[in-house]
Amino acid sequence: MRITLKPDNQYAWFIRPFFWLQQRNYGQVLIPGKCWGRSPRLFAAVATLYGVINRRRSPIDPVLRSLVTVRVSQLNWCRFCVDINAMTLIKRAGSSDKVEALSNWRDAPLFDERERAVLEYAEAMTGLDGVSDEQAARLKTWFDDDAMVELTGLIAFQNMSAKFNAALDVPPQGFCQLPVQPTRKE
């Protein structure tokens, strides 16, 4: 870790209920929350945005959202993000198969064409080359413009989160027992 975490009682009063919920849901307070919490207004903005992106009524189904968050986390070398997002993907998918195959998704038969198009788009957004018109057009097969905005927002948010955590060297917290390592795009 590149910054020091404060004791829980030194965070703004409106952040502590989030910590209580994290403790209840994960068995521990999430380290990134404590990092963001050093700037209470920034914490509030990020927490609100995450709540909107991860809502139940999102047009992007939960398994697909998790595939995106794990892959973007791998590409950004965020150990914490891979840990927690892989755990979430395993819960949502009902098995660890896709988590184990995700770093080599192009060669794995587990992924359908929609998932492949989304993973390609996520990698293009995350990398330096950018998104091509062809990649965006492929997504139109499965997503309308509103869903495209949601998917793009999810990928952008996960890039921000993963880059934040990776830059501060936030460690994994032991959520995923698989040896899922972050990987760089080749």
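The values are calculated or read from the model by the stated rules, or taken from the named source; none is laboratory data. Everything numeric in this text was worked out from a predicted model, so none of it was measured. Ideal geometry is used to build each Cβ from the backbone, glycine not excepted, and the neighbour counts take in all protein chains shown. Each accessible area value is taken on the protein alone, full model and side chains, heavy atoms only, with ligands, DNA and RNA left out. Shrake-Rupley method; radii C 1.70, N 1.55, O 1.52, S 1.80 Å.
Take segment 27-50 and flag every residue that is over 20 Å from Gly174 (Cα atoms), open to solvent by 40 Å² or more (accessible area, probe 1.4 Å) and either outside any helix (DSSP H, G or I) or not aliphatic (A, V, I, L, M) (or both). Selection gives Arg38, Ser39, Pro40, Arg41, Thr48, Tyr50.
Consider Glu100 carefully, then state whether it is open to solvent by 50 Å² or more (accessible area, probe 1.4 Å), within 20 Å of Pro172 (Cα to Cα) and either touching a His at 6+ places or on another chain (Cβ under 9 Å) or of a type in the set (Asp, Glu) (or both). Yes; evaluated as a whole, the condition is true for this residue.
For Asn54, the test of being open to solvent by less than 80 Å² (accessible area, probe 1.4 Å), under 17 Å from Gln173 (Cβ atoms) and within 12 Å of the chain's Cα centre (by Cα) is failed.
Look at Arg57 and say whether it is part of a loop (DSSP other than H, G, I, E, B) and out of contact with any Gly (no Cβ under 7 Å at 6 or more places or on another chain). Taking the combined requirement at face value, the residue satisfies it. Of all residue pairs spaced 6 or more apart or on separate chains, those with beta-carbon atoms under 6 Å, a first member in segment 89-111 that is in a loop (DSSP other than H, G, I, E, B) and a second member that is open to solvent by 80 Å² or more (accessible area, probe 1.4 Å) are Leu110/Asp97.
For segment 80-98, the criterion of being over 17 Å from the mean Cα position of the chain (by Cα), within 27 Å of Trp142 (Cβ to Cβ) and small (Gly, Ala, Ser) is met by at least one residue. Of all the residues in segment 117-134, those that are in a helix (DSSP H, G or I) and within 16 Å of Leu75 (Cβ to Cβ) number 9.
Of all the numbered requirements in (1) touching a Leu at 6+ places or on another chain (Cβ under 9 Å); (2) open to solvent by 40 Å² or more (accessible area, probe 1.4 Å); (3) assigned to a helix (DSSP H, G or I), Ala137 misses one, and that requirement is (1). Evaluate the following for Val70: is it open to solvent by less than 20 Å² (accessible area, probe 1.4 Å) and in contact (Cβ under 8 Å) with a residue 24 or more places away in the chain? Yes; evaluated as a whole, the condition is true for this residue.
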